[in-house]
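The values are calculated or read from the model by the stated rules, or taken from the named source; none is laboratory data. Small disclaimer: the values here were computed from a predicted structure and weren't measured. Note that each Cβ is placed from the backbone with ideal geometry, even for glycine, and that neighbours are counted across all protein chains shown.
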Amino acid sequence: MRRHGLRPRRPFGQNFLVDRSVVERIAAAVGPRPGLRIVEIGAGLGTLTRALQAGGSAVVAIERERDMVRALRADFEAGGGVTVMEVDAVTFDYRAAATGSPTAVAGNLPYNLTGPLLGAIVDSIDALVAAVVMVQREVAERMVAAPGSRTYGALSVMVQARCDAEVVLEVPPDAFYPAPEVHSMVVRLVPSRPPRIGGRDWEKVRRIVRAAFAQRRKKLRNALRSLAPQELVEASLTRAGIDPSRRAETLSVEDFARLADELG
């Protein structure tokens, strides 16, 4: 960091991972190997980049902060095996990046961009081998939560509709510089086979899930009234085999999929 005259910038949510043992465990969860392309989100100082490259993978290191891009190019591009791209990870086309070679995604997601980044990754997960991401502990707990649990919500459904999700590592604040005020977890996502929502309209499922959890303590017959008249909502729930008096937090991903089939 000093060599390149760099300092963490809070507007970019920069907390650099400096614990080498954690870096190695994240790399192991990704499984770098010859023939596997890895897109690294927010490559920063290149700590994880180096571990992924050492496993034999071709690494596409994406970073939006210009000074970091300059440092990454100085450190990696002459040696080959790493392509540095100055792009926004939220708008990056992960599906296109996966064309022509098995591809995984890895990275420490900035806390202030976690939602949009997870959305972009999940939307493209069927084109990927896996995604291994570090997020705030509370977010990770929601990603893997089971129906009926305190942390189960819209994020749980949207992730699990397309992915098998597993927490592989908990990371304490002192693994970073500067140390954040929160604990982190590393979550490994792989595409579910077959997807739990099948060939259904993804945007339709998303609208239903968001509406159902927007007022999570309401019964479904009332929570979904923003989408359709109550009588239509109740009829759709009944056809889907769901009691209209249930609440969103009790529904499985498969329940939401059936509801999407019935609610026009």
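Taking the criterion of being touching a His at 6+ places or on another chain (Cβ under 8 Å) and not assigned by TED's automatic domain parsing to the domain that holds Arg247, would at least one residue in the stretch 138-160 satisfy it?
Step one: filter the stretch 138-160 for residues touching a His at 6+ places or on another chain (Cβ under 8 Å), giving none.
Checked the stretch 138-160: no residue is touching a His at 6+ places or on another chain (Cβ under 8 Å) and not assigned by TED's automatic domain parsing to the domain that holds Arg247.
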#### Entry: Residue among Arg142, Arg150, Arg207 that alone is modelled with pLDDT of 95 or more and under 30 Å from Thr47 (Cβ atoms)
Arg142
### Message
Taking the condition of being among the hydrophobic types (A, V, I, L, M, F, W, C) and over 20 Å from Gly31 (Cβ atoms), how many residues in the stretch 58-102 meet it?
### Response
14
### All positions within the stretch 160-178 that are within 18 Å of Val209 (Cβ to Cβ), aliphatic (A, V, I, L, M) and in a strand (DSSP E or B)
Ala165
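One line per residue, one yes/no per condition, for (1) small (Gly, Ala, Ser); (2) within 22 Å of Val129 (Cα to Cα):
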site	(1), (2)
Ser21	yes, no
Ala27	yes, yes
Ile38	no, yes
Gly42	yes, yes
Gln53	no, yes
Phe76	no, no
Met85	no, yes
Asp93	no, yes
Thr99	no, yes
### Query
Which pairs do you get when a residue that is modelled with pLDDT of 95 or more, found in the stretch 42-66, comes within reach of a residue that is of a type in the set (Phe, Trp, Tyr) and part of a loop (DSSP other than H, G, I, E, B), reach meaning Cβ atoms under 8 angstrom, with the pair 6+ apart or on two chains?
Ile62/Phe92
#### Entry: Residue check, Ala179 in the same structural domain as Val39 (by TED's automatic domain parsing) and surrounded by 18 or more Cβ atoms within 10 Å (Cβ to Cβ)
no
## Note on the structure
In the stretch 104-139, residues that are within 13 Å of Gly42 (Cβ to Cβ) and in a loop (DSSP other than H, G, I, E, B) total 2
### Query
Can we say Ala106 is in contact with a Phe, Trp or Tyr (Cβ under 9 Å, 6 or more places away or on another chain) and either surrounded by 15 or more Cβ atoms within 10 Å (Cβ to Cβ) or among the small types (Gly, Ala, Ser) (or both)?
no
### Message
I'm told Asp164 meets every condition in (1) farther than 15 Å from Leu259 by Cβ; (2) touching a residue at least 60 places away in the same chain (Cβ under 8 Å); (3) not assigned by TED's automatic domain parsing to the domain that holds Arg246 except one. Can you identify the failing condition by its number?
### Response
(2)
### Task
Check the stretch 223-242 and report whether any residue there is touching a residue at least 12 places away in the same chain (Cβ under 8 Å) and within 17 Å of Val159 (Cβ to Cβ).
no
### Query
Among the residues of the stretch 55-103 satisfying the criterion of being among the polar types (S, T, N, Q) and part of a loop (DSSP other than H, G, I, E, B), which is surrounded by the most Cβ atoms within 10 Å (Cβ to Cβ)?
Ser57
